[in-house]
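Asker: I'd like to ask some things about the structure below.
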Amino acid sequence: MMNTLTEHLRVLRATLQRLLLTPNATLLNVAIIGIALSLPVGGYVLLKSVQSLAAQVTGTPQISVFLASGTSASEIERIGDKLKQHAAIERTEFISRDAALKKLQQSSGLSDVVGNLSQNPLPDAYIVHPRASDAAALEALRDELKTWQRFEHVQLDSAWIHKLEAVLDFGRLAVAILAALLSFALIAITFNTIRLQILTRREEIEVSKLIGATDAFIRRPFLYFGLTQGLLGGITAWLLVSGSLLLLNHNLAELTQLYASDFSLQHLSLADSFTLLGFSAYLGWLGAWYSVSQHLWQIEPR
Amino acid sequence: MIQFNQVYKRYPGGHEALKNLSFEVAEGEMVYLTGHSGAGKSTLLKLIAAIERPTSGSVLVKGQNIRSIKLGAIPQLRRNIGLIFQDHKLLFDRSAFDNVMLPLQICGFDHRESAKRVRAALDKVGLLEREKANPIALSGGEQQRLCIARAIVNRPTILLADEPTGNLDSEYSGAIMNIFKSFHQVGVTLLISTHDESILRQFPARALHLKQGELQA
């Protein structure tokens, strides 16, 4: 057990030495992997920020029900009870026409215009908070409410939700394709690096086999190399994304100030960061493993 | 220890390197393998180390049949065999010390214990002062001795040497043969291929003479 551990430590040290032995090649490889990974990661970060911004702006979806004018107070109450008992509705909120007018006066800066109105043009309304939040369920509820008596107008902002979801889906797909392609590129880069290494270390492999090295022993340094290179590439990607976010957020702050918003691009979470590093290390390992299994059997001592 | 029974080795293309070979080498025995180049000496040694497999017949090494040995069992077999090559097969990207260290790393020995063993092996072949040297800076005779140190550091029970004195002058050859003799004295089984008649006279032992792949009486 102790020997296995020291053996792994020895291989790890040898791997780092090998990386440092050719600093230029190492730097270039790590930079390529880092840049390749930073593109989908950057896309992911942007997407996440847009998603949370959208959630801030839209809040939870709701249905506005405007009652026909001249609905009596008792009828309004009866409708309110009926809405409350509906299985698909979490809660309701009643906004009387007077309250609505007051709110309009306060919020929109149209107080002069509103103050000049001779009578209140607004209807009484219920704000319905549904339990479900997916577009299909919301539309079904809206269509049902439309059939109720005394309901003049039922409004659901599902078009906006649809559009947003479509845009986000498109973004997710684009990031996924980018990630898949660049992951493949990462594997290919490692594959080729390891292939060259195997060729230059051909003699060592041959001699090792002659003096009783197992395949695992011969494979190990190459797998470590792929893993380490992938990990360094992942760290580079993380630094690139972090640096870019810092720069962008700095500029964005000036922009959003003008719009009186506190929107900023969110950084990678700790879990996301570790996922990135783990994934890049795994891809490096995979490329190395694939390369080793392709090339090692060709080197048999004669 | 080593047992050949009606062994044939045919290479693709029809060349028959070994024909109907049957002999036995007892434990602790020292045996010469003689014959012209191309007589099949190297092929015979390769069969013992499972670098090649016989076309027919059986090659038993410590009870294991090389003809049917599993790939996974070969490393363990080779750890019991010290191989000494005519072309040394040393690695020039590391010191003499690290070259001898390699078999111990492969076996997963403790580092401190390994260092002791490496120095003992280097001392045995008279290269202790050159442990930091790159093998490329060593003379032909020194390289051969370094190759021997690497072969014995693991304390194998069998030593196979392919033309160990091949391109050395007689003074160096004598030194190397003396090293082999000392291994023979501690019970190592030795199989040495050579075409150097003077060595056989100086260090007499049983000799197997090969001629065009066949054993001569």
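The values are calculated or read from the model by the stated rules, or taken from the named source; none is laboratory data. The structure displayed is predicted, hence computed values, not measured ones. So basically every Cβ, Gly included, is an ideal-geometry build from the backbone, and we count neighbours across all protein chains shown.
Asker: Out of all the residues in region A:78-92, which are surrounded by fewer than 12 Cβ atoms within 10 Å (Cβ to Cβ) and among the hydrophobic types (A, V, I, L, M, F, W, C)?
Answerer: A:87
Asker: Which one of these is without any contact (Cβ under 8 Å) to a residue 60 or more places away in the chain and out of contact with any Ser or Thr (no Cβ under 8 Å at 6 or more places or on another chain): B:149, B:133?
Answerer: Result of the check over B:149, B:133: B:149.
Asker: Sort through B:141, B:166 and tell me the only one that's under 30 Å from residue B:204 (Cα atoms), at pLDDT below 95 and in contact with a Phe, Trp or Tyr (Cβ under 6 Å, 6 or more places away or on another chain).
Answerer: Numbers: B:166 fails: in contact with a Phe, Trp or Tyr (Cβ under 6 Å, 6 or more places away or on another chain).
Answer to the selection: B:141.
Asker: Those residues that are assigned to a helix (DSSP H, G or I) and more than 13 Å from the chain's Cα centre (by Cα), I need them from region B:147-175; list them, please. Full working, then the answer.
Answerer: Residues of region B:147-175 assigned to a helix (DSSP H, G or I): B:147-152, B:170-175.
Listed by number, the residues that qualify are B:170, B:171, B:172, B:173, B:174, B:175.
Asker: Applying the selection to region B:86-96, what residues are within 8 Å of chain A (Cβ to nearest Cβ) and either of a type in the set (D, E, K, R) or within 9 Å of the chain's Cα centre (by Cα) (or both)?
Answerer: B:89, B:93 - these are the residues of region B:86-96 that are within 8 Å of chain A (Cβ to nearest Cβ) and either of a type in the set (D, E, K, R) or within 9 Å of the chain's Cα centre (by Cα) (or both).
Asker: If residue B:92 meets every condition in (1) of a type outside the set (D, E, K, R); (2) outside any loop (DSSP other than H, G, I, E, B); (3) on the phi < 0 side of the Ramachandran plot apart from one, which number is that one?
Answerer: Here residue B:92 meets the rest and fails (2).
Asker: Taking residue A:195 as meeting all but one of (1) away from every other protein chain (no Cβ under 14 Å); (2) in contact with a Pro (Cβ under 6 Å, 6 or more places away or on another chain); (3) basic (Lys, Arg), write down the number of the exception.
Answerer: (2) is the only condition that residue A:195 fails.
Asker: Here are A:69, A:74: which of them is among the polar types (S, T, N, Q), more than 14 Å from chain B (Cβ to nearest Cβ) and in contact (Cβ under 8 Å) with a residue 24 or more places away in the chain?
Answerer: A:69
Asker: Could you count how many residues in region B:10-34 are assigned to a loop (DSSP other than H, G, I, E, B) and either closer than 30 Å to residue B:186 by Cα or modelled with pLDDT of 95 or more (or both)?
Answerer: 4
Asker: Does region A:206-217 hold any residues that are surrounded by 21 or more Cβ atoms within 10 Å (Cβ to Cβ) and more than 7 Å from chain B (Cβ to nearest Cβ), and which are they?
Answerer: Hit for region A:206-217 is A:209, nothing else.
Asker: Please find, among A:246, A:265, the residue that is in the same structural domain as residue A:15 (by TED's automatic domain parsing), part of a helix (DSSP H, G or I) and modelled with pLDDT under 95.
Answerer: Working: A:265 fails: part of a helix (DSSP H, G or I).
One residue alone meets the criteria, A:246.
Asker: Only one residue in A:95, A:127, A:161 is surrounded by 12 or more Cβ atoms within 10 Å (Cβ to Cβ) and touching a helix residue (DSSP H, G or I) at 6+ places or on another chain (Cβ under 7 Å), so which one is that?
Answerer: One residue alone meets the criteria, A:161.
Asker: Same structure again: Has region A:169-183 got at least one residue that is assigned by TED's automatic domain parsing to the domain that holds residue A:34 and touching a Lys or Arg at 6+ places or on another chain (Cβ under 9 Å)? Quick ask: steps written out before the conclusion?
Answerer: We begin by selecting, within region A:169-183, every residue assigned by TED's automatic domain parsing to the domain that holds residue A:34; these are A:169-183.
Going one step further and asking which of them are touching a Lys or Arg at 6+ places or on another chain (Cβ under 9 Å), we end up with none.
Checked against the condition, which is being assigned by TED's automatic domain parsing to the domain that holds residue A:34 and touching a Lys or Arg at 6+ places or on another chain (Cβ under 9 Å), region A:169-183 yields no hits at all.
Asker: Among the candidates A:184, A:191, which residue alone is surrounded by 13 or more Cβ atoms within 10 Å (Cβ to Cβ), of a type outside the set (D, E, K, R) and touching a Gly at 6+ places or on another chain (Cβ under 7 Å)?
Answerer: Just one listed residue meets the conditions, A:191.
Asker: Within region A:279-302, track down each residue that is assigned to a helix (DSSP H, G or I) and farther than 19 Å from residue A:221 by Cα.
Answerer: A:279
Asker: Quickly run through region B:178-196 and pick out the residues that are free of Cβ contacts under 8 Å to residues at least 40 places away in the same chain and assigned to a strand (DSSP E or B).
Answerer: Residues satisfying the conditions do not exist here.
Asker: Six or more apart or on different chains, Cβ under 9 Å: which pairs go from a residue in region A:4-16 that's within 9 Å of chain B (Cβ to nearest Cβ) to one that's small (Gly, Ala, Ser)? Could you list them?
Answerer: Final answer for the pair search is A:4/B:108; A:6/B:108; A:7/B:108.
Asker: Please determine whether any residue of region B:67-81 is free of Cβ contacts under 8 Å to residues at least 24 places away in the same chain and away from chain A (no Cβ under 14 Å).
Answerer: yes
Asker: Of all the residues that make up region B:107-138, how many are at pLDDT below 90, under 19 Å from the mean Cα position of the chain (by Cα) and within 14 Å of another protein chain (Cβ to nearest Cβ)?
Answerer: 1
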